[in-house]
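Contents: one structure, followed by commentary.
Computed from the coordinates by the stated procedures, all read-outs in this text should not be read as laboratory data. Bear in mind the structure is a predicted one, so any value in this text is a computation, not a measurement. Glycine also receives a Cβ, built like all others from the backbone with ideal geometry; neighbour counts cover every protein chain displayed.
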Amino acid sequence: MRLKDSSLGLLLSLPFVFASGCSEAPPVTEPAGHAHDEHAHHHPETLAEAVAELSELRDTIRDAFAANDPDKAHDPLHEIGHALEAVAELAQEEKLPEDKLAVVKTSVESLMQSFGEIDKSMHGQEGASYKDVADKIEEALKALQQLNAPAADAPAADAPAADAPAADAPAADAPAAEAPAADAPAADAPAAR
């Protein structure tokens, strides 16, 4: 696959930068037989699948930090780079319109930056906590999730036109029959003294 946009090519190389961040940190003791190179990576076939996988990884990371268990977030945090790479590649393969490709690019960059900051702090570098970047993560992920959602501005086939009054609504210029005249006192109101 030949990438048309060089910035997207740069973006696709970020998982390698992400993974290399681990080598700059103090050594982490891995369980026997465990190495980052041994991770099996799922390769989604559609953009919707890639975004769903990204959402699952985000949930795992978010929940691990909420439970104060950063070790549980470690592997999913490194897997995020591969998931983001898949989102960018599949957006190109599915030939999204330019405006949607721009949303993908912006969202992927934001997510990569946010999760990168979390990864830095996990490895003893100056970075950010999940809580610090949670809003940015949610905003970017929501933008990606909306790429496959039906257009909100498309009217439903059975919905009435926006400018047509409802059949049971009174005409706008006709006063309501039960409303008292503005200058007449209400019958049950106490008399003014």
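Of note:
- Modelled this way, with points 7 Å down the Cα-to-C-beta line, the labels at residue 96 and residue 146 are 1.2 nm from one another.
- Pair residue 105, residue 135: separation of 7 Å Cα→Cβ label points (nm): 2.6 nm
- Entries of 100/142; 72/95; 95/136 with Cα pairs more than 24 Å apart: 72/95; 95/136
- Burial ranking of peptide ranges 60-70, 98-108 (average Cβ count within 10 Å, highest at the top): 98-108, 60-70
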